[in-house]
Amino acid sequence: MNTQRLTNIIVSPRISEKATMRADIDNQHVFSVLKDATKPEIKKAVELMFDVKVKSVRLMNVQGKLTRVGRTFGKRKDWKKAYVRLEAGHEIDFADIS
């Protein structure tokens, strides 16, 4: 795994009420990742980008919702969600990253 691939694996952090509660209670953060990303790649990417130790990674494939505008139907893209649990004593602060 090269560093170019690892830097592109994490698309964005998912910041929502549920994700914030997970981060506070379980030290678990939620990210949108590439569709073809694997657990070991996500673990190395998070450790590389945020300088933390990852305990575990769980993945979820999210189906895109069906949408409608007038008579035209469409579909949003499918995407992959990663729940990343950090080791005790490690923390990611998205407000402090520049």
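Pairs over the 30 Å Cα-Cα cut-off, from the set LYS39/LYS65; LYS53/LYS75; LYS55/LYS75: LYS53/LYS75; LYS55/LYS75.
Report the local net charge at ARG14: Lys and Arg +1, Asp and Glu -1, summed over other residues whose C-beta lies under 14 Å from its C-beta. That sum, taken over residues with Cβ under 14 Å, equals +4. Rounded to the nearest 20 debye, the dipole size of the chain about its Cα centre is 880 debye, using +1 on the Cβ of Lys and Arg and -1 on the Cβ of Asp and Glu. The angle between the Cα long axis of helix 39-50 and the main principal axis of the chain comes to about 70°, on a 0 to 90 degree scale. If the chain linking ASP93 and LYS18 were pulled fully straight, counting 0.36 nm for each residue of separation and taking away their Cα-Cα distance, it would gain 25.4 nm.
Show that you can apply the helix-only estimate: for the chain, add -39,500 (n - 2.57) for every DSSP H stretch of four or more residues, divide by all residues, and state [θ] at 222 nm to the nearest 500.
Working: 3 runs with 29 residues, N = 98.
Per the formula, -8500 deg cm²/dmol.
Which label belongs to the value computed from this structure, given these candidates for volume of the Cα convex hull per residue in Å³: [x] 127; [y] 99; [z] 152? Only one option fits the structure, namely [x]. Each label was represented as a point 7 Å from its Cα along the Cα-to-Cβ direction; for ARG85 and THR7 these points are 3.1 nm apart. Put simply, when 81-87, 19-25, 41-47 are sorted by average Cβ atoms within 10 angstrom per residue, most first, you get 41-47, 81-87, 19-25.
Bear in mind these aren't lab numbers, they're just calculated from the coordinates by the rules spelled out. The model shown is predicted, which means the values in this text are computed figures rather than measured ones. Positions of Cβ are backbone-derived with ideal geometry, glycine not excepted, and every protein chain shown enters the neighbour counts.
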